[in-house]
Structure formats: C-alpha cells, structure tokens
Amino acid sequence: MTVIGTREHLKVVGTRPIRPDGVDKVTGRAAFGADLALPGMLVGKVKRSPHAHARILSIDVEKARALPGVKAVITAADLPEIPSEESFVGEGPMNFRDLSRNCMARGKALYEGHAVAAVAATSGAIADAALDLIEVEYEPLPHVLDVEAAMAADAPLLHEDLFTQGVEPAPSQPSNIAKRIQFSLGDLAAGFQAAEVVLERRYTTRPVHQAYIEPHACVASAAADGQCQIWCSSQGQFMVRAYCAKLLDMPISSIRVTPAEIGGGFGGKTLVYLEPLALALAKQSGRPVKMVMTREEVFRATGPTSGAAVEVKLGATRAGKITAAQAVLKYQAGAFPGSPVQPGCMAAFAMYDLENVSITGYDVVCNRPKVAAYRAPGAPIASFAVETCLDELARTLGMDPIALREKNAARDGTRTAYGPTFRDIGYVETLQAAKDHPHLRTPLGPNQGRGIASGFWFNVGGESTAEVHINEDGTAVVVSGNPDIGGSRASLAMMAAEVLGIPVDRVRPIVGDTSSIGFSFLTGGSRVTFATGMAVVQAAEEVVSELTRRAAMIWDIGPESVEWTDGAAVPTGAHAGKFDPLPLAAIALKAGRTGGPISAKASINAQGAGPGFATHVCDVEVDPETGKVTILRYTAVQDVGRAIHPSYVEGQIQGGVAQGIGWALNEEYVYDGNGRLENPGFLDYRVPVASDLPMIEAVLVEVPNPRHPFGVRGVGEVPIVPPMAAVANAIHAAVGVRMTDLPMSPPRLLAAIERAGR
Amino acid sequence: MSTLSYTSPTTVEAAVSALAGANGGAKVLSGGTDLLVQLRSGRSRPEMFVDVKRIPGLIGVREENGGFVIGAATPCVLIGEHRALQQAWPGVVEAARLIGSTQVQGRATLAGNLCNASPAADSVPAMIAARATCTVAGPSGRREAPVEAIATGPGRTSLARGELLIEFRLPKRPPRSADAYLRFIPRTEMDIAVVGAAVNLTLDPSGTCTEARVVLGAVAPTAVLVPDGAAALVGRRLDSDTLSRLDAAARRACVPITDKRGTIEFRTQVAGVLARRAATIACTRAGER
Amino acid sequence: MPRVVLSGSAGRQFTGGQAEIQVEADTVRRLILELDRRFPGLGKQVEEGMAIAIDGEIFQDAYSAPLRPDSEIFLIPRIAGG
Amino acid sequence: MSKNHVSTTINGEPVEFLCETQQTLLDALRDELQLTGSKEGCSSGDCGACSVIVDGRLVCSCLMLAVEAEGRTIETIEGLARGDVLHPVQQKFLQAAALQCGFCTPGLLVAAKALLDRHPDPTETEARYWLAGNLCRCTGYDKVIRAVLEAGAEMRGE
C-alpha cells in the first residue's frame, strides 16, 4: 500500500492490529443470522407470487392451518394496514405503507417473488408442504419491467394512486413516474453556445444485486406479556426495531433486537423483509420462529439497485474546458417508489467545476423487487455514463483523460450543481497520485487497453451512541450500536486506545443490542468509523478528563495541574509538585475510593462528513474473437481522509472495485417474457470469482477531514463508483469500440466488435 | 412430504435390482452435484437414491490393453491425477477437470455428467471425440454403447429402467495422436459452458492430419459430432486455410438456442472459434508425441 | 441576513417556485420555524426530507447548528448510503 | 418415514446421528450437530461457504447427503485450529485482514487448507483457480490470496 499525506505521531491510529472479532470469524464461532437455535423453535417460510403483476382475488389458508405441525399462518389480513406516510428513517425516503406491502402483498402482487403468505411449522419440510396447501387465486395483469416502457403513457399501472411529484401543475392522471427531480446551475443554452465540441450519448444499466453471501435470516420470539425479541443479521438493530414496531403497530419498548454477525450487506440489509413476518408468526404461535431466505428468495424478493437509462450531453472548448453539462437519469425503483435517482442526480457532475449544468431525474416504479441501497446509491449509474462520455470527449479533443479531468476538477471552493460549495476535498490529489503511479507507465500489448475514471460520494454522519467503560484492571470496553460489517470494531477500538493511550489489545469493543446501548443510526453510508468513531472519541476523552480528576484527587492537587500522556496522568505546571506518572491501571484500581466506576457515554448526531473522491486506472485485454474481457491490472486511488486501520480501508476499496467489475462485465437480472427471473442463483448471476481478478492495488491518499478528530472520511462507498466507466474506457482503448450498455458481457461486446468491423 | 429412501449396494447386481425394483422413482447417486441441486429445487422428486460409490470397481482408473477404463463413479479429481491418462488423453482430462469448482471436482463424475444429459456437459464432447464407449449394466445383463448413444436430448437418456453406467473405455491410441477440449464461459470458472468444442486427431510424420473427430457442446439438444469438421482436417496440415474450413464447418453444425447464457449468433460464432483453437492445441500436442 | 437557496426542485411547491429566500435566523431551528411560518409545510419538508448545507458543510437534523448573517445556505435532498 | 442412522468421524471425534435422506451433510452439521461454522450461502454448490473436507477431498457439504457420511472422515472449520493454536492459514487471514464480514471465511479457510495440504507451494494463479468455488463479496480476494500464499510459505518453513 502507498500512503500519501501527512500523519502526526499517532501510536495506534494508522497501524494494522488483528481485529478484535477476528478469531471468532476464522474459527467458525461467530454467530450469524441463521446460527441461533432456540428450544421449541419453529421454521417459518414464505409463499411468494409466481406472477410479475397480479390482483390477489383470494387466499385460502385453511388446508395449510389444518396440516399437523403447522403452528401459524399469516397473510396481509393478519398485519395492520399501514397508512401512507412519507418519512426519512432508513437509507432513503421511506413510506411505511410501501414497506409493509413489500413485506407482504396486499391486494396486488407487484413482482414475481412478492410475499403473499407465511407459515411457521415444526419442521422445514412441514412448512414447505403447508405453503403448497395455501390456495391463492390471482388475476394476472400486464406487467412492465423496463424503465422507459414503464414511463410510457399506456404502460400498465402499478399503483392507481401514484401521481408524479415535482411537476407543476400536479398531474391529474396517475402514472408509474413517482417523482421528477431537477437541478440546474447557470445558463445551459449559453454554455452549449460557447462549446466548440458537443457530445450527446445514451447509456443503459441493468439492475445488479448486492449479492452478500449470507442470505437474510432472523429468529423472533414473543412472550405472553407482549415483550418480543429478535435476533437477526442486519445493517442496524435499531432500524429493525423501529420498522417492526411500525409495521406491527407495537411500542418500540416491547421489542428488543440483538444484532447477529452480518454476512455482508452493502446497503441491501437496510430494510426489513423477514423480521416483521417472523415476529407476527411468533406472536400467533407463541413459539420462537426462525426464518432464513434461500438464495433464490434473496434474488427474487430483496432489493437490487436500479437498472437505468441515462442521457448525457457535454459541451467543451477545444482547450478542454467544459462549458455545459446536461444529464437525464431514469431509474427503476422496483415495485414501490424510492430509487436512488436523487443522489444519482446530485453525484452525476459533482466531480467537476461547471458553470452551466442541468440534471433531470425520474423515479419510476416497475414490476421488479423494490430496490434497496447499494454502495454509493445512484452514483455508479450516473458516473458510468458521465465518466464514459468524458473519456470520449478527451479522445475527441485529443486530450489525456486525466488532463481533461484536472482542467475541470472540483476543488476547494467549487460550487456543486446541487448547491453547496466544496471544502477540504481531495479530488485533484487522487488525479495527481494516479499520474504519478507506475501503473500508467506499464506497457500494454495487442488487444490491451487502459481506462481511467473517477468517482465521488457525499458520505454521511448521523446519530450514534458509544460508551467507554474502564475495567478494574485498567482495560477498557467500548460499546457501540452499530453492527460490524467490515472491521468497525477494530477501528472503534483503535480510536479509543489512541485517546486513552493504551495498547489496542487492552480495549474490548462490543456491539450492543437495542436495550443495552443508546440509539444508533444503521451501519451504512460508510458512517460508522466517522460518526460512531466520533462518539467513541468523545466518550474516551470524557473518560480521560475523569481520569485526570481522579489522579488529582489521589495526589491531592488541583485537576488543572494534571495532564494525560501515554496512558498515564502526569503532574503539569509549576505548582503541581513531583509525582511519578499514574498509569490508567493504577487509577482504575482506586476507582471505588475516588468516586466510583469510571465510564462515559456519548450520544451525538455527527455532522461534517467529508466527501470522498477516487480515481481508478484499469487495464484490460479483450479477446476480439469471443468478446471476453480479462482484467489485467487495477489501481484504485482514493482520498480516505485518514486511514484508521489501513488494511480494512484497502479492503473496502478492493471489495468495491471487485463489485464494480462484476457490474461492468457480467452481473445482470435476466427475465423471461412473463416477468419471471431466470437467473436467481450464483450460477447464472455471475459475481466475480477469485480467478476473474488480479490483485487490486489500493492507493490511499490522505487529505484529512478537519471535522473528524482523526481526519476520517467514509471509505466504503466511493470505490464502486468508477469501475464501470474505467472498464468501458479500457475496452475502448483496447479494441476501439465504445460500450454504452451494461453489462459489457461477451455476447454484447462481440456483437459490438462485429458491428465496428463492418 | 418426501418419503425418499437411500440404499448403497456393494454389487452391480444389487444396484440394478434396486433401480429396477423401485417403480421408476429410483435415481443413481454418484457425485450428486446435479442431483442434489435438482432435489432441492423440486425439479426432481425421486423415491430412492441408489448410491453406487460403494460398489468395488466403480471408482478408479486402470489401464487395459493400451487403453483406459474409468469407473463410472470416479470423481473428476482422480481422473485429473492419473498421469498416464493425462498423457494419453489430455483433452478428455481437461474436459473432466473443467466440471465445476474444486469442491465439485471432489464429487462429480463422468457418468453423472453424461446421464444428467445437459447439452452443455463439458466431458461429453471430449469423450465422444475420443470414441469412448461405456458399459451399461441392467436387468438383462451388460451392454457396451458408444458415449454418443446415451444422451438423447436435454435431461433424457437412452438408458432403460434399471440400467446404470458402470465404466467408460478409452481406446488405445495410434502414435502422434492427441485431443483437446475448450469451452467458452463468461467468467474464468463456475459457469456452465456457453459453447464447448473437442477435437481428437492423429497426424502422420509429415504433420498431415490422417484422422480426426470434432464434437461441439451447448449448440444443440445434445453434443454434436461434426463430420464436415473432421473432413476439413483430414488429409491436410492445420494451416489457416484448413482452420477456416473447420471454423465454417463447425458453424454449420450449430443449431443452438438463445437463452440466459448466450444468443444463437454468439454460440454459432464462438463454436467456430473454439473448434479452430482446439484443433490447433490438439495438433501441437500430437506433434510433440 | 442569511440567504437560503432551495437546491433543485425539492421544496419549491411550498414557495410557489421561489428558489431564493432571505431569512432572519441564527440557528437551523429558527431557520426551519421561520421557513414554515412563511411557507406552511416547507418546515416539515425540510425536517423530514432535506439536509441543510451551511457554507458548504452538510447538516442533517441539526437544530443547533449556527448560521452567520452572511451564511450561504442550501436546502438539499438528504443523503444516506449503502 | 424412518430416519437413517449415520456413524462417522468429524474433526477426529466419532459421531453418530439420525437424518432424513434428503438432508444434506450441511443440514446435519448445522441442525443435528450444532456445527454452525459451515455456512449456507446458496445450497447449490455455487458459493463454497459450506466447504468441508471428506476423506481428504474438498467438497461442498450442501452437495452431499448426510447419509453418505457413513464411515467417512470429515474435517470442518471447527476442527481447523488445535485447541487455542490456530492453523497457519487462520493466522495469516487475521494478519493479512483477509476477511471483512467473515461469512465466507470458514469455507475459504477449509478450501485453503485443502489446497496447501495437496499443493504446499501454489502459484497465485493456482490459488485463485482452486478458490474460485468460494465466493467472497467483501474483499475482492486480494488479501485472501495473499494470506493463503503467505500461509503456504510459513508451512514450508520459509
């Protein structure tokens, strides 16, 4: 790894200790969502719609109920009817009526795999048999999958009560367009007037799934007094608690959610699917209910990210100054509104300092599973289009693609199209680091090409609680409310150790359940090391000032005469007197006599998350006879603010790149003519395997975020933004064909090569 | 609910009677890498599994008067580890080694790959090109059949009720003979072949092809023998002209479908490419003999 | 007094299309109250659907965040993440 | 329906259990024997999270019937460490940060152990192809491959 940027004298931050939860995870001890078993536990399963779009005329569950071993059966009729209510609680705008209807269809099934009923039985085999006995009468309706087809005036309507927001005057007819979004800056017409070169291109992408390896899983139990417990793997135990309480109309205090280890999420586990059903089945049966999705269910019924159509128009002078930029983004939301088109619009041109910009976005429902967040939601789609178009612009102008980006790059003081002005950003630093990297001077052979692309993500803070407790022997416990999805226990423990001045192995981080730690917003948006880290640092600093007070008491001097260095209290100032340093352990030992246990809690709403920028360099080789693309070399340069545990920062980048390469080359949903998914498994939904990829070099540029005590920026989102364009640009450099549709799978690339040959 | 039963006979005769006994609902379980997936998905609802892996002789590779005998239940990983077989039939071995992941290699068998009757089975084109035969045991005794006679269409075989494969035979090879198998998949591993091509050939001392078999997979309901492809090679050296004739012959032999794994156009075009490339590899190998 | 800009189309239905507003306020909370007083409904919209960028820094749910008289304030859609 | 009785050896211990024919070895390990270290990611042999070693061969325990375990010798992730002494490949995974969520890790470790047992000095390419049946969505495989190669070097005493 290369680290660029300055670094003060930190003892723990920036080192690479073994993660605290590591041993459990390499020995099979770590308990994930499906690993818990309770006495008397039932198996819950879901009956799903075979139709992409159908009215549910009737559901008869009596035969299923009568089957020996079946203990509970539910349909939408057994769940509260939730009124339409917009709010922003999870990873985006959330309407609880929609969430409820996504968990269990009411009146209509809106996609193949939409849940219509659920059962709990004494064995999986009995539960399966019960599902077969549930009789559902459907009236199949015409369906629509494609985003532009769904926007057509004559398209089959998913929701009779959906009227497009953001258009004036408000439409009188319902449509599948949930929302129209518009951002603009300057004078677009004048900008294109001033342009000497104008490019106008159209791009499409397919839905891709987060494809975490752990299927959704939970166990729910309900006591006779209404007190309920849920054990599940999710990106937020507090999110699960809030959503279940809302969907089942229960007080939040009656639900306790214990986070299991989570086997990957990438945004896909920021919603509930099984938990409310398991809880309802547990209430009806009076027994614990475990529900685990099959891989097929994960693909058919949980949220991928949007497929989209994107139009981009760029105008520039011969000298390479972009004078105008326009984009129209049409994103599939799936069965309910709420695609990531809004952040897509905001991220589209965020990397560039532009005077004249217009961005229009459409959020469009169609008969697919409701989309869920996926790493930098919305940005990868917009950036694939913009960064590919920019590469074409560079070639048209005969400019080096990095030089063109430098000429137009956003810097401190750049006003974004969505409003705010950037401060303390590190985009140009990533371009410079990419230029300086030996990768750019590595020679290429025949049918090989090199592609460059950049990426941006906002990053977020938000609400977090953390506690730091000092044990009697001077070791410490750090409690947070965020599931550890990729090493956050390590980064939190390291920041606490740095502040306390003790070795990290003397700090034990744990993730609390909803009743043992204060509210924390979910693990998403790369916020945990930033926001929860901030809370940990605050709590640790409080502990330190308490420790100095205790030392002052022990020495019988004024607290102002004590300072904390290297994990010990030392006297300071002229009148302090002479005392040997008092280490943490010695103070902890006397805690009882000096006022009781030493611990502190911080509950904050962290602000000041610094945006992240990245520039990627990708080398490919194309087999011109088969259209197969081999990734030869990949370098990902990213401004990470400050890497707390560089290995896990690199890991975030390498993982994001691998997902982006899958998105670029082979991942897609394939539907038949009836709107049924044809590839709901890892055999034909092709995520990259080990032999598909080279080593991925992560270059960490450190432009510290001044709003975080250690300069942290979120690092997990940005890495998935540039790869699709980087690969597309590399393919163009290799064989001269410009791919505008994802995935760039062999049949598509070969066809493009053939067309170019003619 | 399922009333699936299991038996693991230790003689071929016991296996045959178990298969014949169960009224049509019995399935041979060797590697199980396709069978268990079908069981889970409900595509197959057998009444009985007859596990043949405990029958002596069904696992293992042995040389027999210049040729080789491969037990029907031999996992592909063992086939790959047999040096002499690898030396004599590199194409058959590389095809067997392409079936699934390392994990699947530890279980998957040639018999399973053949009797699953997928048009995309990797080992089948190579075995047909190699003129491999198999021994079928059944209620009416044993019979020898060419590999191409087993699969009759997607998921269908010519095996009668109570019949099972017990071994494969690969013939003795003339000098300067070699084979090769190539498949196209979108990734580097873990995919089902979109197209497969096997070429088995013999050269004379001058490097002229005296005999050839060309077989394609995944471009028709079953693996297809391409006599025109062989004709394009025999009597010639493998120069670019010969190879383009082979390419054209291979394309002509394709009757593929468009599905989630590939289009008609793509499969047809790539079939020609792979046939050419496989022939070149086989030729190089034969030349080194 | 601070200049508030509604970024993009969000929220403009409350202001009758007006994109720029001068608001007398020294904290985010006072800003929201004032906006809702002048454009009923906009306050709720800002609280539940929007973030507030003050001089380039984005705040979400931060009543106490201070505003300077010359602050450049943008009301922008909320951001979450994966 | 009568259950099948199975006697087998798991991680060196003689084990007996009852199972239905359609139960896979993975089902038996997780549900009958509470050995939940082997994970179910797909139940179709495509993800490798359930990898175990049977009679010295790496297999997906979701693609093997539990009844087939009769008389076999099975190694699972739970048997990789000797007491509190980690296997070199486990140690290297920790040192190299070769895991993020950790869900695919048990399968990867078992597969890596099987690789190094048979091929003590694999090339990067050999390691990548051997592990192609073990999906990891978090790491991009970079640190996983480095950890496996480093474990090999350590086991060779380099």
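The values are calculated or read from the model by the stated rules, or taken from the named source; none is laboratory data. Here the structure is a predicted model, which means the values were calculated and not measured. FYI the Cβ positions are ideal-geometry reconstructions off the backbone, even for glycines, and counts take in every protein chain you see.
Of the strands (runs of 3 or more DSSP E) lying entirely inside region A:150-232, the ones with 1 or more residues being in contact with a strand residue (DSSP E or B) (Cβ under 8 Å, 6 or more places away or on another chain) and within 30 Å of A:ALA417 (Cβ to Cβ) are found at A:177-185, A:197-205. Listed conditions (1) over 20 Å from the mean Cα position of the chain (by Cα); (2) more than 14 Å from chain D (Cβ to nearest Cβ); (3) not β-branched (Val, Ile, Thr) are all met by B:GLN86, apart from (1). Residues that are within 20 Å of the chain's Cα centre (by Cα) and part of a helix (DSSP H, G or I) were ranked within region B:254-272; the one that is nearest to the other protein chains (Cβ to nearest Cβ) is B:VAL270.
Only helices (runs of 4 or more DSSP H) whose full extent lies in region B:70-162 are considered here, and the ones with at least 3 residues that are under 24 Å from B:GLU211 (Cβ atoms) are B:83-88, B:90-97, B:123-129.
Residues of region A:397-407 include none that is farther than 18 Å from A:ILE731 by Cβ, charged (D, E, K, R) and within 14 Å of another protein chain (Cβ to nearest Cβ).
When restricted to residues that are within 13 Å of chain D (Cβ to nearest Cβ) and crowded, with 24+ Cβ neighbours inside 10 Å, region A:636-647 contains 4. Of the residues making up region D:1-21, just one is farther than 23 Å from A:LEU38 by Cα, buried (at least 21 other Cβ atoms within 10 Å of the Cβ) and facing another protein chain (nearest Cβ under 9 Å), namely D:THR21. The sole residue among B:PRO154, B:PRO90, B:PRO139, B:PRO146 that is surrounded by fewer than 21 Cβ atoms within 10 Å (Cβ to Cβ) and touching an Asp or Glu at 6+ places or on another chain (Cβ under 7 Å) is B:PRO90. Checking A:ALA129, A:ALA189, A:ALA150, A:ALA194 one by one, the residue that is within 14 Å of another protein chain (Cβ to nearest Cβ) and modelled with pLDDT of 95 or more is A:ALA129 and no other.
From A:ALA726, A:ALA756, A:ALA730, A:ALA752, grab the single residue that is in a helix (DSSP H, G or I), among the small types (Gly, Ala, Ser) and touching a His at 6+ places or on another chain (Cβ under 8 Å). Being in a helix (DSSP H, G or I), among the small types (Gly, Ala, Ser) and touching a His at 6+ places or on another chain (Cβ under 8 Å) holds for just one of A:ALA726, A:ALA756, A:ALA730, A:ALA752, which is A:ALA726.
Residues are listed down the side, and each one gets a yes or a no for (1) surrounded by 19 or more Cβ atoms within 10 Å (Cβ to Cβ); (2) not aliphatic (A, V, I, L, M):
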residue: B:LEU4; (1), (2): yes, no
residue: B:ALA14; (1), (2): no, no
residue: B:ASN23; (1), (2): no, yes
residue: B:VAL28; (1), (2): yes, no
residue: B:SER44; (1), (2): no, yes
residue: B:LYS53; (1), (2): yes, yes
residue: B:LEU58; (1), (2): yes, no
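If you go through region A:383-426 and keep only what is outside any loop (DSSP other than H, G, I, E, B) and acidic (Asp, Glu), you end up with A:GLU387, A:ASP391, A:GLU392, A:GLU406.
Does A:PRO746 fit the bill of being within 11 Å of chain D (Cβ to nearest Cβ), crowded, with 21+ Cβ neighbours inside 10 Å, modelled with pLDDT of 95 or more and more than 27 Å from A:ALA433 (Cβ to Cβ)? Taking the combined requirement at face value, the residue does not satisfy it. With respect to the stated conditions, A:VAL657 fails to be buried (at least 22 other Cβ atoms within 10 Å of the Cβ), touching a residue at least 24 places away in the same chain (Cβ under 8 Å), at negative phi and away from chain D (no Cβ under 13 Å).
The rows are residues; the columns are (1) more than 30 Å from A:ALA347 (Cβ to Cβ); (2) buried (at least 23 other Cβ atoms within 10 Å of the Cβ).
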{"position": "A:LEU274", "(1), (2)": "yes, yes"}
{"position": "A:VAL289", "(1), (2)": "yes, yes"}
{"position": "A:VAL292", "(1), (2)": "yes, no"}
{"position": "A:THR305", "(1), (2)": "no, yes"}
{"position": "A:GLU311", "(1), (2)": "no, no"}
{"position": "A:GLY315", "(1), (2)": "no, yes"}
{"position": "A:LYS321", "(1), (2)": "no, no"}
{"position": "A:GLN326", "(1), (2)": "no, no"}
{"position": "A:TYR331", "(1), (2)": "no, yes"}
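Taking each residue of region A:142-154 that is surrounded by fewer than 18 Cβ atoms within 10 Å (Cβ to Cβ) and looking for partners that are of a type in the set (D, E, K, R) with beta-carbon atoms closer than 8 Å, six or more apart or interchain, yields A:GLU148/A:LYS330. Just one of the listed residues (C:ALA19, C:ALA25, C:ALA62) is surrounded by fewer than 22 Cβ atoms within 10 Å (Cβ to Cβ), modelled with pLDDT of 90 or more and small (Gly, Ala, Ser), namely C:ALA25. Report whether or not A:PRO369 is buried (at least 20 other Cβ atoms within 10 Å of the Cβ), at pLDDT below 95 and not assigned by TED's automatic domain parsing to the domain that holds A:VAL737. It is false that A:PRO369 is buried (at least 20 other Cβ atoms within 10 Å of the Cβ), at pLDDT below 95 and not assigned by TED's automatic domain parsing to the domain that holds A:VAL737.
Count of region A:283-327 residues, restricted to those that are within 30 Å of the chain's Cα centre (by Cα) and either farther than 30 Å from A:THR396 by Cα or aliphatic (A, V, I, L, M) (or both), is 25. When the criteria are applied in full, B:LEU233 meets the requirement of being more than 20 Å from the chain's Cα centre (by Cα) and of a type in the set (A, V, I, L, M).
From the list A:LEU693, A:LEU677, A:LEU683, pick out the single residue that is more than 7 Å from every other protein chain (Cβ to nearest Cβ), farther than 16 Å from A:PHE266 by Cα and of a type in the set (A, V, I, L, M). So the residue among A:LEU693, A:LEU677, A:LEU683 that is more than 7 Å from every other protein chain (Cβ to nearest Cβ), farther than 16 Å from A:PHE266 by Cα and of a type in the set (A, V, I, L, M) is A:LEU677.
To keep it simple, each residue is scored yes or no on (1) buried (at least 24 other Cβ atoms within 10 Å of the Cβ); (2) farther than 22 Å from B:CYS115 by Cβ.
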| position | (1), (2) |
| --- | --- |
| B:ILE192 | no, no |
| B:VAL199 | yes, yes |
| B:GLU211 | no, yes |
| B:ALA231 | no, yes |
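Inside region B:199-233, residues that are among the charged types (D, E, K, R) and assigned to a strand (DSSP E or B) make up a count of 2. Exactly one residue out of B:LEU238, B:LEU243 is within 13 Å of another protein chain (Cβ to nearest Cβ), over 15 Å from A:PRO746 (Cβ atoms) and either buried (at least 17 other Cβ atoms within 10 Å of the Cβ) or more than 22 Å from the chain's Cα centre (by Cα) (or both), and it is B:LEU243. Selection of region B:1-57 for residues being facing chain D (nearest Cβ under 8 Å), of a type in the set (D, E, K, R) and part of a loop (DSSP other than H, G, I, E, B) yields only B:LYS53.
Here is the figure for region A:354-382: residues that are in a loop (DSSP other than H, G, I, E, B) and within 14 Å of chain C (Cβ to nearest Cβ) total 8. One residue stands out in region A:580-630 among those that are surrounded by fewer than 20 Cβ atoms within 10 Å (Cβ to Cβ) and of a type in the set (Lys, Arg): the one that is nearest to A:VAL640 (Cα to Cα), namely A:LYS601.
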